[in-house]
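Student: Take a look at the following structure, please.
The values are calculated or read from the model by the stated rules, or taken from the named source; none is laboratory data. Computed from a predicted model, the values in this text were never measured in an experiment. Cβ: placed from backbone, ideal geometry, glycine included. Neighbour counts: every protein chain shown. We work out accessible area using only protein heavy atoms, side chains counted, and drop any ligands, DNA or RNA first. Shrake-Rupley method; radii C 1.70, N 1.55, O 1.52, S 1.80 Å.
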Amino acid sequence: MPSRILASGLGQTLAFAASKKGVDLEVTNVLAKFLTRPANMDSLGLLKQVMEGSVGAYRQMTREAVYYAEGLKRYAVALIDAQERA
């Protein structure tokens, strides 16, 4: 997800995930809840906010999304590694 955000942009990544079902949509919903706290929007709500917001707000959200997605990725890898060792 972080590389997808950097390559395509936050808006495109959210739109792509919204068109899919499964892991992509779930991850972007978690990301949306983080970025829109305390409103806790889903990925479609965040996409609407991104499209209606300013360029500066978009850049800030993109930076936060990349950092958060990188953290989620590391956490998931750690959980998978722990399960494989058990």
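Student: For the chain, what is the accessible area per residue in Å², given a 1.4 Å probe and the full set of protein chains? Spell out each step's value before the answer.
Tutor: On the way: 5750 Å² over 86 residues.
I get 67 Å² per residue for this part.
Student: Another one. Heavy-atom accessible area of Arg59 with all protein chains present, probe 1.4 Å, nearest 10 Å²?
Tutor: Counting only protein heavy atoms, the figure is 150 Å².
Student: Related question: Helix-derived [θ] at 222 nm for the chain: sum -39500 (n - 2.57) over DSSP H runs of at least 4, divide by residue count, nearest 500?
Tutor: Working: 5 runs with 70 residues, N = 86.
The per-residue figure over the chain is -26000 deg cm²/dmol.
Student: Right, here's the next one. Using r as the Cβ-Cβ distance of Ala86 and Tyr58, and R0 as 35 Å, what FRET efficiency do you calculate, to the nearest 0.05?
Tutor: It comes out at approximately 0.25.
Student: In the Gaussian network model of the chain, springs joining C-alpha atoms below 10 Å, which of Thr36, Thr62, Thr28 carries the largest mean-square fluctuation?
Tutor: Most flexible of the set in this elastic network: Thr36.
Student: Accessible area of the chain with a 1.4 Å probe: how many percent of it is carbon plus sulfur? Please report the intermediate quantities before stating the final value.
Tutor: Details: 3310 of 5750 Å².
C and S atoms contribute 58 percent here.
Student: Next up: What area, in nm² and to one decimal, does the C-alpha convex hull of the chain cast on average over all directions?
Tutor: Result: a mean projected hull area of 5.9 nm².
Student: Between Tyr75 and Ser8, how many nm apart are label points set 7 Å from Cα along the C-beta direction?
Tutor: Rounded to a tenth, the inter-label distance reads 2.3 nm.
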